1. Sort B:T170, A:T300 so that the residue with the fewest other Cβ atoms within 10 Å of its own Cβ comes first and the one with the most comes last.
2. Suppose we consider the axis relating copy A to copy B; can you name the residue of A with the nearest Cβ and state that distance in angstrom as an integer?
3. Cross-link partners among aspartates and glutamates for A:K196, C-alpha distance below 18 Å, same-chain residues fewer than 8 apart left out?
4. In nm, what does the list of distances from A:M89 to its counterparts in the other copies look like, shortest first, when each label sits 7 Å along Cα to Cβ?
5. Between B:V160, B:V192, B:V219, which gets the highest mean-square fluctuation from a Gaussian network model of chain B, Cα cutoff 10 Å?
6. Any idea how far the Cα center of the stretch A:1-56 sits from the one of the stretch B:1-57, in Å?
7. List, shortest first and in nm to one decimal, how far the label point of B:R185 (7 Å from Cα along Cα→Cβ) is from its counterparts in the other copies.
8. Which of the lysines could be linked to B:K142 by a straight reach, that is with a Cα gap under 24 Å, when you skip same-chain ones fewer than 8 residues away?
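Rule-based calculations on the coordinates, nothing more; no lab input. A quick note: this is a predicted structure, and the numbers were derived from the prediction, not measured. Every residue, glycine among them, receives a Cβ derived from its backbone with ideal geometry; neighbour counts consider all protein chains shown.
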Protein chains: 2
Amino acid sequence: MPRAWTLAARPQGMPRSTDFAIVDLPVRDLAEGEVRVANRWLSVDPYMRGRMNDVKSYVPPFQIGAPMEGGAVGEVVESRDAGLKPGDMVQHMLGWRDEAVGPASAFHKLPLLDVPPQAFLGQFGMPGMTAYFGLLAVAEAKAGDTVFVSAAAGAVGSTVVQVAKAKGMTVIGSAGGPDKVAWVRSLGADAVIDYKAGPVAKALGEAAPKGIDVYFDNVGGDHLDAALAHARPRARFAICGMIDVYNDAKPTQLKYLARLIGNRVRMEGFIVSDHMGRAEEFYRDMGAMLAAGTLRREETVHDGLDAMPDAFLGLFSGGNTGKMLVRV
Amino acid sequence: MPRAWTLAARPQGMPRSTDFAIVDLPVRDLAEGEVRVANRWLSVDPYMRGRMNDVKSYVPPFQIGAPMEGGAVGEVVESRDAGLKPGDMVQHMLGWRDEAVGPASAFHKLPLLDVPPQAFLGQFGMPGMTAYFGLLAVAEAKAGDTVFVSAAAGAVGSTVVQVAKAKGMTVIGSAGGPDKVAWVRSLGADAVIDYKAGPVAKALGEAAPKGIDVYFDNVGGDHLDAALAHARPRARFAICGMIDVYNDAKPTQLKYLARLIGNRVRMEGFIVSDHMGRAEEFYRDMGAMLAAGTLRREETVHDGLDAMPDAFLGLFSGGNTGKMLVRV
């Protein structure tokens with residue numbers, strides 16, 4: 001019997017395991033044009049926290065009691081569509097479950113790149129595109145820029161570090177704890193701040209004495225304020241995530257916000273789906289970096305559908321290096 | 001004997017009158033190419049507070065004991081330059097004093113527009129250009145947009161209201177107290193919020209139930225947070241001033257900052273001098289609005305050089321409607 005995770009209750013603040021419930025999915029025959037996919041890899045991503053609130057946003061809220069959704073990679077096991085056949089590996093958004101059924105148009109064959117299938121949930125998927133277009137299109141980062149990126153050990157941040165280095169930028173990452181710091185440094189970052197070791201603003205001032213041209217924000221809060229404190233004239237901030245506030249109703253406190261004015265800083269929020277039309281450019285450029293041997297990738301893997309809530313909650317406690325995944 | 005105001009001490013927080021001292025200026029003969037100008041009107045502007053701190057910024061800090069500077073309009077009374085002759089009215093930056101002496105290149109004849117000379121310190125000067133280019137160039141506001149502007153009764157804000165209306169936008173202003181609210185309404189604003197009467201975010205939600213496309217920020221703080229709370233997708237914020245933090249080391253508290261992401265909001269700081277190269281376009285367009293009878297202007301005037309500190313301090317206590325000026 002296929003199963004799926006549902007939202008049992010809307011979390012208040014940090015979600016708890018009791019906010020999730022696993023249910024059996026009805027087994028049904030395929031209609032014409034539909035496929036059945038055995039999911040192999042499921043994604044957990046910070047943005048999913050937003051969908052757990054009953055708030056209108058760029059993606060609709062999860063409904064209580066209904067199967068949740070999210071990125072997934074699986075294998076077609078049954079097909080009533082001419083375009084997909086059993087054995088095809090596909091990516092799709094019917095995650096949080098072990099089997100997905102739907103119209104073939106909702107499932108996309110994996111691009112032909114020499115990476116394992118789960119990479120299309122990470123560096124070669126939504127988090128990778130977020131990094132790529134956030135850095136190059138939103139922040140308009142270019143060779144010679146000094147780039148600061150928070151959560152640099154995460155799926156998005158670690159790709160920002162590597163794309164930025166590949167494009168000739170100086171990169172300062174921030175990560176929590178010596179292991180992650182060492183890993184980010186191994187990706188090529190010129191300097192890495194351990195945000196658990198002291199105030200970010202001070203550390204950033206030491207790492208970038210001439211200031212930063214670009215900030216790629218995954219966390220908000222202290223990191224954003226530090227970036228404001230050290231922004232150079234005409235600095236561009238791509239605001240991608242604010243893990244700091246997803247689970248917290250506390251306001252963000254910014255001491256250096258007025259620096260925006262004198263330094264003509266531009267802060268811009270974005271969501272990756274605005275850039276999906278440029279996916280081919282992303283695969284081509286990332287494929288070239290892959291072929292050049294300059295891309296490294298790390299995963300934190302939980303096993304089994306039952307582990308989904310734990311994997312998700314781990315995102316907010318710094319539990320992952322690289323992409324957080326569940327293997328089913 | 002000509003006199004000038006100097007900074008006697010660097011203010012901590014809100015400046016006090018004891019932070020300023022008036023001194024005699026040495027009388028000296030003109031060198032070749034210099035002019036002597038009797039100042040008629042002196043400007044006080046919020047940005048001057050920043051120059052009172054010993055902090056590197058887009059304008060250098062005032063030096064303790066040295067005459068301060070600022071916008072001024074005056075009459076040439078003596079000239080050793082072929083381009084300027086006694087009787088010419090000029091604008092320049094040697095304010096905070098009753099007589100200015102310097103090279104003719106530092107003094108600019110007033111443009112030929114049918115407004116009184118002091119208007120070139122306000123609506124037809126730096127505050128007007130700030131409003132014009134902040135709205136149209138930085139925020140890229142266009143006909144049909146809903147524009148929110150804080151400090152809408154001030155020199156900059158009142159011009160934003162009128163330019164926005166002239167360009168076919170819907171305008172919501174914020175001002176403090178019934179008199180200012182009434183004045184902003186008389187400028188053509190579609191709705192005016194009295195920020196002293198209740199929470200700005202709630203009032204803005206009522207005034208703009210469909211949200212705002214543009215926010216012109218003169219104050220920061222609660223107003224900025226309210227604008228974030230009600231930003232529509234792809235909203236643009238021109239960040240012009242943060243009167244809220246100029247005198248205050250308290251951090252800005254933003255509850256709605258993460259809205260930047262889902263709504264792809266762009267916040268951009270700017271300073272007017274970046275747009276000075278387009279001054280001709282500004283005079284032409286504003287001149288046309290003036291000729292069409294659609295521009296209104298208000299001044300709050302203090303009399304005499306001795307009144308400069310009071311006029312300046314009044315900027316931070318809501319003491320002005322329209323442009324704050326000192327007549328000498």
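1. Values: B:T170 21, A:T300 18.
Least crowded to most crowded, the residues run A:T300, B:T170.
2. A:M267, 2
3. A:D179, A:E206, A:D217, A:D222, A:D225, A:D244
4. 7.7
5. B:V219
6. Their Cα centres are 66 Å away from one another.
7. Inter-copy label distances (nm, one decimal, shortest first): 6.5.
8. Within the straight-line limit of under 24 Å, B:K142 reaches these lysines: B:K165, B:K167, B:K210.
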